[in-house]
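Q: Take a look at the following structure, please.
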Amino acid sequence: MTAEKIMTITGADYGKMVNAAAAKLTANAENINKLNVFPVPDGDTGTNMAMSMASGAQYERDAKDQQVGALAKATSKGLLMGARGNSGVILSQIFRGMADSLTGKDNLSARDLADALMMAAQVAYKSVMKPTEGTILTVIREAAVAADQAANDGQDLPTMMATVAEAAQVALDKTPDMLPVLKEVGVVDSGGQGLVLVLSAFSDVLSGTVSEENLQAPDNAELDQMVSKLHAGAQANESLRPEDIKYGYCTEVMVEIGKGTTVEKPFDYQTFYDYIAERGDSLLVINDDDVVKVHVHTEDPGAVIHWGGEFGSLVKVKVDNMRDQQQAVIDEQAAQDKAEVPAVPQKPVPAVAVFAVAGGAGIAELFESLGVYRVITGGQTMNPSTADFVEAIEASGAEAAVILPNNSNIFLAADQAKDLVDVPVAVVKSRTIQQGLTAMLGYNPTAPVADNEAAMTEELATVVSGQVTQAVRDTTLNGQTIQDGDWLGIIDGDIKVVGQKLLATTTDMLAEMLDEDSEIVTIITGKDAKKKDIKALTEAVENLDPDLECEVHEGGQDLYPFLLSVE
């Protein structure tokens with residue numbers, strides 16, 4: 001498309017808009033992640049929005065009907081099923097509102113698009129129990145207002161969408177003035193930033209400034225966190241012949257831009273991307289001001305590595321021969337087929353099955369020992385999608401279900417899931433692993449689901465949760481100066497202790513968690529917790545109060561060496 005006066009959006013145009021938005025979110029996922037208010041390694045808004053949008057784009061591409069209304073509905077369904085985290089769920093509701101408004105439309109006028117954005121804002125606000133200004137909600141509302149005015153003024157679609165994108169950016173820039181915590185940390189709202197990128201991608205398509213490569217939807221993954229999962233799924237297909245793999249080398253490169261002795265070119269994202277795009281597929285290129293990260297399947301990894309070196313210093317290079325890997329999968333499957341494996345008895349399904357979200361093998365075992373039917377892998381930095389909950393509940397065959405999200409960023413995806421299955425589902429709003437474990441004390445597999453919801457929710461208030469992790473950036477929050485690498489003691493979601501030593505920070509946090517009614521301290525150790533620190537921490541519990549009972553469990557969780565609960 002060109003920047004000529006365009007008054008109609010066709011189905012093909014709409015598809016380009018959706019796929020450009022998916023590509024833009026993936027390319028900027030890491031930058032959005034860095035806008036996390038808390039300086040903890042859980043800033044996954046960018047990843048969640050990128051994966052949610054990628055799911056929407058996949059459904060759009062798979063749609064048979066090329067009518068705009070049908071494509072909008074398909075996109076909405078894909079976002080609904082792929083929604084991860086609160087930001088992904090709200091994004092799915094924005095596209096749901098657009099789809100509702102566009103039902104039956106063959107093509108779109110500026111007025112149609114404006115009406116769709118206004119409906120998107122209405123649905124998004126209704127999807128949140130307590131809407132907060134200074135968030136993605138503010139951005140979509142201001143964008144919709146601008147669209148309505150532009151349509152009333154008779155602007156053509158490229159001009160109108162540029163106006164909308166500009167209004168969204170202005171609204172985003174104001175978010176720190178609406179939320180004091182954003183101003184204190186010095187960032188804009190991360191979900192709002194993601195939506196600005198979506199709307200700017202729409203504008204790029206309508207103005208004709210988007211390249212064909214940027215219309216290629218990304219793999220439904222974020223480079224650093226999801227590539228390994230993507231490969232695991234692909235390699236599980238033992239029927240794929242190694243010789244049928246078109247691009248045989250999985251190549252990953254990380255380049256420190258402008259550094260080193262091999263630099264020959266100033267970095268330009270599009271130039272960098274275009275060269276690699278011609279030499280493979282499954283391409284992801286994510287960059288910030290200092291580093292560019294590449295994942296590509298290619299037949300010439302040397303060319304990709306050399307190209308990276310022309311822009312900076314190579315700080316990471318990884319090349320895997322996927323044909324060899326696939327042959328190993330085939331050989332392993334053949335060996336398994338020959339072995340006589342005894343049948344595993346099917347796990348009995350209770351009348352009310354509990355599904356808990358958790359990461360770490362030890363934590364999963366704890367939940368299962370308390371009666372959880374299935375643990376859905378996820379939590380901090382990896383939020384399960386709506387579809388993950390739906391698939392787990394439907395596969396179980398349970399007559400009713402309870403979901404323990406164990407993370408507030410999973411609440412909305414869990415809530416969406418309960419509306420998509422045919423059995424009663426309750427979501428018990430556990431914010432931490434510790435709350436989820438405690439909630440299981442109120443679980444009765446034979447009681448009605450409503451009774452379980454009430455009893456398990458009541459248990460949440462009986463526990464104080466503490467988490468210890470390391471800061472990932474410098475910031476000032478609630479008057480506390482925090483530096484990258486500091487240890488943080490987080491009590492029920494608030495950073496209460498900042499220190500330079502793990503044990504001292506954990507002990508100080510525990511002291512703040514205790515009161516005169518405290519009886520039991522439970523310590524869940526992460527995979528990086530050291531034995532000497534575990535021993536010292538149990539001794540610290542006794543020193544704080546000899547009457548306290550102390551339990552230690554090996555959780556195996558990432559990022560958090562200690563999870564503590566006090567009851």
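The values are calculated or read from the model by the stated rules, or taken from the named source; none is laboratory data. In this text, all values refer to a predicted model and were calculated from it rather than measured experimentally. When we count neighbours, we look across all protein chains shown, and the Cβ atoms used for this are built from the backbone with ideal geometry, even at glycine.
Q: Determine, yes or no, whether residue 514 is buried (at least 19 other Cβ atoms within 10 Å of the Cβ) and closer than 30 Å to residue 476 by Cβ.
A: Values: buried (at least 19 other Cβ atoms within 10 Å of the Cβ): no; closer than 30 Å to residue 476 by Cβ: yes.
Answer is no for this residue.
Q: OK, next. Output the residues belonging to region 447-482 that are farther than 30 Å from residue 516 by Cβ and at pLDDT 90 or above.
A: Taking region 447-482 and keeping what is farther than 30 Å from residue 516 by Cβ, we get 447-453, 470-476, 481-482.
Of everything in region 447-482, those that are farther than 30 Å from residue 516 by Cβ and at pLDDT 90 or above turn out to be 447, 448, 449, 450, 451, 452, 453.
Q: Filter region 454-471 down to residues that are in contact with a helix residue (DSSP H, G or I) (Cβ under 9 Å, 6 or more places away or on another chain) and either surrounded by 18 or more Cβ atoms within 10 Å (Cβ to Cβ) or among the polar types (S, T, N, Q) (or both), then give me how many there are.
A: 12
Q: Taking the options 469, 522, 457, 505, name whichever one is touching a strand residue (DSSP E or B) at 6+ places or on another chain (Cβ under 7 Å), in a helix (DSSP H, G or I) and either at negative phi or in contact (Cβ under 8 Å) with a residue 60 or more places away in the chain (or both). Give the derivation first.
A: Values: 469 fails: in a helix (DSSP H, G or I); 522 fails: in a helix (DSSP H, G or I); 457 fails: touching a strand residue (DSSP E or B) at 6+ places or on another chain (Cβ under 7 Å).
Exactly one of 469, 522, 457, 505 is touching a strand residue (DSSP E or B) at 6+ places or on another chain (Cβ under 7 Å), in a helix (DSSP H, G or I) and either at negative phi or in contact (Cβ under 8 Å) with a residue 60 or more places away in the chain (or both), namely 505.
Q: Same structure again: Looking at region 142-169, which of its residues are closer than 11 Å to residue 192 by Cβ and surrounded by fewer than 23 Cβ atoms within 10 Å (Cβ to Cβ)? I'd like the intermediate steps shown before the answer.
A: Filtering region 142-169 for residues closer than 11 Å to residue 192 by Cβ gives 142-143, 168-169.
Residues satisfying the conditions are 142, 169.
Q: Please verify whether residue 70 is small (Gly, Ala, Ser), part of a helix (DSSP H, G or I) and over 29 Å from residue 357 (Cβ atoms), treating the condition exactly as stated.
A: Criteria met by residue 70.
Q: Right, another one. Residue 148 is checked against (1) closer than 27 Å to residue 412 by Cα; (2) out of contact with any Ser or Thr (no Cβ under 9 Å at 6 or more places or on another chain) and fails just one. What number does that condition carry?
A: Tallying (1) closer than 27 Å to residue 412 by Cα; (2) out of contact with any Ser or Thr (no Cβ under 9 Å at 6 or more places or on another chain), residue 148 fails exactly one: (1).
Q: Does residue 395 qualify as being over 30 Å from residue 77 (Cα atoms), over 20 Å from the mean Cα position of the chain (by Cα), in the same structural domain as residue 369 (by TED's automatic domain parsing) and without any contact (Cβ under 8 Å) to a residue 40 or more places away in the chain? Don't jump to the end; show me each part of the working.
A: Working: over 30 Å from residue 77 (Cα atoms): no; over 20 Å from the mean Cα position of the chain (by Cα): yes; in the same structural domain as residue 369 (by TED's automatic domain parsing): yes; without any contact (Cβ under 8 Å) to a residue 40 or more places away in the chain: yes.
No: the conditions fail for residue 395.
Q: Being surrounded by fewer than 16 Cβ atoms within 10 Å (Cβ to Cβ) and either assigned by TED's automatic domain parsing to the domain that holds residue 185 or of a type in the set (A, V, I, L, M, F, W, C) (or both) is the filter here; which residues of region 422-446 pass it?
A: 441
Q: Something else now. Here is a list: 494, 474, 547, 528. Which entry is among the acidic types (Asp, Glu), surrounded by fewer than 18 Cβ atoms within 10 Å (Cβ to Cβ) and in contact with a Pro (Cβ under 6 Å, 6 or more places away or on another chain)?
A: Numbers: 494 fails: in contact with a Pro (Cβ under 6 Å, 6 or more places away or on another chain); 474 fails: in contact with a Pro (Cβ under 6 Å, 6 or more places away or on another chain); 547 fails: in contact with a Pro (Cβ under 6 Å, 6 or more places away or on another chain).
Result of the check over 494, 474, 547, 528: 528.
Q: Residues in region 259-281 that are in contact with a Ser or Thr (Cβ under 9 Å, 6 or more places away or on another chain), more than 12 Å from residue 307 (Cβ to Cβ) and loosely packed, with under 14 Cβ neighbours inside 10 Å: how many?
A: Summing the residues that are in contact with a Ser or Thr (Cβ under 9 Å, 6 or more places away or on another chain), more than 12 Å from residue 307 (Cβ to Cβ) and loosely packed, with under 14 Cβ neighbours inside 10 Å in region 259-281 gives 3.
Q: Kindly list, by first and then second residue, each pair from a residue in region 351-367 that is over 14 Å from residue 436 (Cβ atoms) to a residue that is of a type in the set (Val, Ile, Thr) and part of a helix (DSSP H, G or I), limited to pairs with Cβ atoms under 7 Å and residues at least 6 apart or on different chains.
A: Listed by first residue and then by second, the contacts come to 352/449.
Q: Moving on to the next point. Give the residue, chosen from 105, 126, 73, that is farther than 22 Å from residue 32 by Cα and touching a Ser or Thr at 6+ places or on another chain (Cβ under 9 Å).
A: Values: 105 fails: touching a Ser or Thr at 6+ places or on another chain (Cβ under 9 Å); 126 fails: touching a Ser or Thr at 6+ places or on another chain (Cβ under 9 Å).
Result of the check over 105, 126, 73: 73.
Here's the yes/no breakdown for (1) buried (at least 24 other Cβ atoms within 10 Å of the Cβ); (2) aromatic (Phe, Trp, Tyr); (3) at pLDDT below 95:
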{"residue": "77", "(1), (2), (3)": "no, no, yes"}
{"residue": "82", "(1), (2), (3)": "yes, no, yes"}
{"residue": "85", "(1), (2), (3)": "yes, no, yes"}
{"residue": "89", "(1), (2), (3)": "yes, no, yes"}
{"residue": "92", "(1), (2), (3)": "yes, no, yes"}
{"residue": "113", "(1), (2), (3)": "yes, no, no"}
{"residue": "117", "(1), (2), (3)": "yes, no, no"}
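Q: Which members of region 410-436 meet the condition of being in a loop (DSSP other than H, G, I, E, B), more than 22 Å from residue 461 (Cβ to Cβ) and free of Cβ contacts under 8 Å to residues at least 60 places away in the same chain?
A: Restricting attention to region 410-436, the residues satisfying the condition of being in a loop (DSSP other than H, G, I, E, B) are 419-424, 428-432.
Adding the requirement that they be more than 22 Å from residue 461 (Cβ to Cβ) leaves 419-424.
Within region 410-436, 419, 421, 422, 423, 424 qualify.
Q: How many residues are at pLDDT 90 or above, buried (at least 19 other Cβ atoms within 10 Å of the Cβ) and part of a helix (DSSP H, G or I) if we restrict to region 390-409?
A: Of the residues in that region, 3 qualify.
Q: Residue 128 fails exactly one of the following numbered conditions: (1) surrounded by 22 or more Cβ atoms within 10 Å (Cβ to Cβ); (2) over 23 Å from residue 210 (Cα atoms). What is the number of that condition?
A: (1)
Q: Here's something else I'd like to know. Just the residues that are farther than 21 Å from residue 78 by Cα and either more than 21 Å from the chain's Cα centre (by Cα) or modelled with pLDDT of 90 or more (or both), please, taken from region 365-389.
A: Of everything in region 365-389, those that are farther than 21 Å from residue 78 by Cα and either more than 21 Å from the chain's Cα centre (by Cα) or modelled with pLDDT of 90 or more (or both) turn out to be 365, 366, 367, 368, 369, 370, 371, 372, 373, 374, 375.
Q: Among all residue pairs at least 6 apart or on different chains, which show Cβ distances below 8 Å where the first residue, located in region 124-141, is in the same structural domain as residue 168 (by TED's automatic domain parsing) and the second is among the acidic types (Asp, Glu) and part of a helix (DSSP H, G or I)?
A: 134/177
Q: Filter region 508-519 down to residues that are outside any helix (DSSP H, G or I) and under 26 Å from residue 365 (Cα atoms) and give me whichever is modelled with the highest pLDDT.
A: Restricting attention to region 508-519, the residues satisfying the condition of being outside any helix (DSSP H, G or I) are 514-519.
Next cut, under 26 Å from residue 365 (Cα atoms) only: 518-519.
Numbers: 518: 87, 519: 90.
Among residues in region 508-519 that are outside any helix (DSSP H, G or I) and under 26 Å from residue 365 (Cα atoms), the one modelled with the highest pLDDT is 519.
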